[in-house]
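Visitor: Here's a structure for you.
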Amino acid sequence: MSSLLGALRKVLFAPSLASVGFEGRGFGVPPTPATARLESIPQSVVCGFEWGIDAPALWEAERRLDMVEPELRGFAYEGAAMAFTILDVMPGGRKDRTAELMSGPGLPHVFLTYIGIGFAMARLPRPLWKKVLPELDGVPFHPTMSWLAVDGYAFDRAYFDTDKWVGEQFVPKPYPWAGAPAYFPRACDQGIGRALWFINGGDPVKVAEAVNRFPAGRRPDLWSGVGLASTFAGGCDQAGLERLREAAGSTGEYQDELGLGVVFAVKARTFSSFVPRHTHLAARTLAGLSIEEAVDLADSTEVTEDAADGTPAYELWRQNIREGLAPSVGRLAA
């Protein structure tokens with residue numbers, strides 16, 4: 001019976017590896033070694049989901065996930081968090097799988113497991129969203145970084161419903177995530193910005209053009225998503241990163257947003273204890289920072305309490321990072 005239920009869950013929730021590839025999504029991205037590497041990221045998420053949706057013991061899920069190469073492992077944990085979230089909210093199931101994952105073997109990838117919760121939200125009706133965020137007392141960055149779940153939700157929708165979320169520039173209805181419904185669309189735009197990096201195959205010119213088709217008021221959050229994706233996921237050489245930085249700074253208004261995404265990406269990579277070469281390259285090229293400088297900036301500006309006016313601690317932290325980036329962004333522009 002458990003195998004039958006597992007097979008049913010896969011049919012209902014899991015896309016195939018081919019369907020998450022760029023050709024399968026119809027993105028028109030030319031096949032190159034770089035784009036193939038980018039494609040392996042959503043495919044790693046699918047693998048993690050399939051390993052998790054069968055509801056194995058936590059030790060077995062951990063064993064499977066840890067066989068994924070370090071650079072892609074966090075994405076597999078995203079998929080597992082998506083699966084465990086779905087299992088947790090289903091009637092009659094356990095309610096603690098996601099918490100066990102995120103406070104246990106998934107802790108080094110906590111930034112990405114929040115995103116996995118968002119992937120589950122994209123497949124669940126809104127009334128169930130109030131059940132998706134587990135109790136994570138003592139887990140670093142909780143609940144501040146839970147906004148990455150909203151980011152993940154919008155990334156998923158932009159990736160799988162591209163005509164609506166990107167082509168038509170759909171604005172989702174506010175939802176009282178963390179008691180701040182007004183911030184919900186902004187966090188969604190950060191996820192859409194990340195998705196634009198993949199939808200356009202890491203091509204800096206096409207990514208910039210995609211961002212600039214959105215209304216000006218949405219572009220800052222979109223650019224921060226682009227900065228995060230390009231730094232964490234890679235897919236672009238130094239010349240391309242330089243073009244991306246120039247596009248973000250062509251009017252001098254978005255380089256700090258791009259750099260903000262860089263800093264969060266570096267923080268997430270270092271927290272997982274694996275920082276690939278492309279993250280070093282992006283940090284230096286897009287933000288003018290070493291890995292150590294980016295981590296110091298993130299750590300020295302962290303905010304854990306919401307403002308009295310309701311501004312989430314997450315956004316206050318982002319504001320502090322933007323301000324701290326001014327010297328390095330100024331040097332890049334000089």
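The values are calculated or read from the model by the stated rules, or taken from the named source; none is laboratory data. Because the structure is predicted, anything quoted here is derived from the model rather than measured. As a convention, Cβ positions derive from the backbone with ideal geometry for all residues, glycine included, and neighbour counts pool all protein chains shown. Note: accessible area is taken over every heavy atom of the protein model, side chains too, but ligands, DNA and RNA are not part of it. Shrake-Rupley method; radii C 1.70, N 1.55, O 1.52, S 1.80 Å.
Visitor: Take the residues in segment 1-37 that are modelled with pLDDT under 55 and aliphatic (A, V, I, L, M), then tell me which one is most open to solvent (accessible area, probe 1.4 Å).
Guide: 1
Visitor: I'm told residue 268 meets every condition in (1) over 21 Å from residue 332 (Cβ atoms); (2) surrounded by fewer than 24 Cβ atoms within 10 Å (Cβ to Cβ) except one. Can you identify the failing condition by its number?
Guide: Going through (1) over 21 Å from residue 332 (Cβ atoms); (2) surrounded by fewer than 24 Cβ atoms within 10 Å (Cβ to Cβ) one by one, residue 268 breaks only (2).
Visitor: Can you run down the residue pairs with Cβ atoms below 6 Å, 6 or more apart or on separate chains, where the first is in segment 95-117 and of a type outside the set (Val, Ile, Thr) and the partner is assigned to a helix (DSSP H, G or I) and surrounded by fewer than 24 Cβ atoms within 10 Å (Cβ to Cβ)?
Guide: As it stands, the answer is 95/88; 97/87; 97/88; 100/58; 105/62; 114/145; 114/146, since those pairs meet every condition given.
Visitor: Another one. Using the structure shown, decide if residue 40 is modelled with pLDDT of 95 or more, within 25 Å of residue 158 (Cβ to Cβ) and either open to solvent by 50 Å² or more (accessible area, probe 1.4 Å) or of a type in the set (Ser, Thr, Tyr) (or both).
Guide: So residue 40 fits the description; yes.
Visitor: Something else: Within segment 69-84, can one find any residue that is at positive phi and open to solvent by 30 Å² or more (accessible area, probe 1.4 Å)?
Guide: no
Visitor: Name the residues in segment 161-208 that are open to solvent by 70 Å² or more (accessible area, probe 1.4 Å), outside any loop (DSSP other than H, G, I, E, B) and either closer than 20 Å to residue 34 by Cβ or free of Cβ contacts under 8 Å to residues at least 40 places away in the same chain (or both), would you?
Guide: 163, 164, 205, 206
Visitor: Now for a separate question. Look through 163, 137, 156 and report the one residue that is closer than 12 Å to residue 102 by Cβ and out of contact with any strand residue (DSSP E or B) (no Cβ under 8 Å at 6 or more places or on another chain).
Guide: Every option except 137 fails the conditions.
Visitor: Pairs please, first residue from segment 32-54 and on the phi < 0 side of the Ramachandran plot, second anywhere and open to solvent by 60 Å² or more (accessible area, probe 1.4 Å), Cβ atoms under 7 Å, 6+ apart in sequence or on different chains.
Guide: Listed pairs, sorted by first residue: 43/17; 46/17; 50/10; 51/64; 53/10.
Visitor: Name the one entry in 287, 282, 308 that is more than 18 Å from residue 145 (Cβ to Cβ) and surrounded by fewer than 20 Cβ atoms within 10 Å (Cβ to Cβ).
Guide: Of the residues listed, the single one that is more than 18 Å from residue 145 (Cβ to Cβ) and surrounded by fewer than 20 Cβ atoms within 10 Å (Cβ to Cβ) is 308.
Visitor: Output the residues belonging to segment 166-191 that are of a type in the set (A, V, I, L, M, F, W, C) and within 16 Å of the chain's Cα centre (by Cα).
Guide: Within segment 166-191, 184, 187, 188 qualify.
Visitor: Looking at (1) modelled with pLDDT of 95 or more; (2) crowded, with 20+ Cβ neighbours inside 10 Å, can you tell me which one residue 62 breaks?
Guide: (2)
Visitor: For residues that are free of Cβ contacts under 8 Å to residues at least 24 places away in the same chain and either surrounded by 19 or more Cβ atoms within 10 Å (Cβ to Cβ) or under 17 Å from residue 196 (Cα atoms) (or both), tally how many sit in segment 127-160.
Guide: Counting residues in segment 127-160 that are free of Cβ contacts under 8 Å to residues at least 24 places away in the same chain and either surrounded by 19 or more Cβ atoms within 10 Å (Cβ to Cβ) or under 17 Å from residue 196 (Cα atoms) (or both) gives 1.
Visitor: Turning to a different aspect of this structure: Within segment 249-265, take every residue that is small (Gly, Ala, Ser) and either open to solvent by 20 Å² or more (accessible area, probe 1.4 Å) or over 18 Å from the mean Cα position of the chain (by Cα) (or both) and give me the one that is modelled with the lowest pLDDT.
Guide: 250
Visitor: Still on this structure, please answer the following. May I ask you to list the residues in segment 100-121 that are hydrophobic (A, V, I, L, M, F, W, C) and surrounded by 18 or more Cβ atoms within 10 Å (Cβ to Cβ)?
Guide: Within segment 100-121, 101, 102, 110, 111, 112, 115, 117, 119, 120, 121 meet the criteria.
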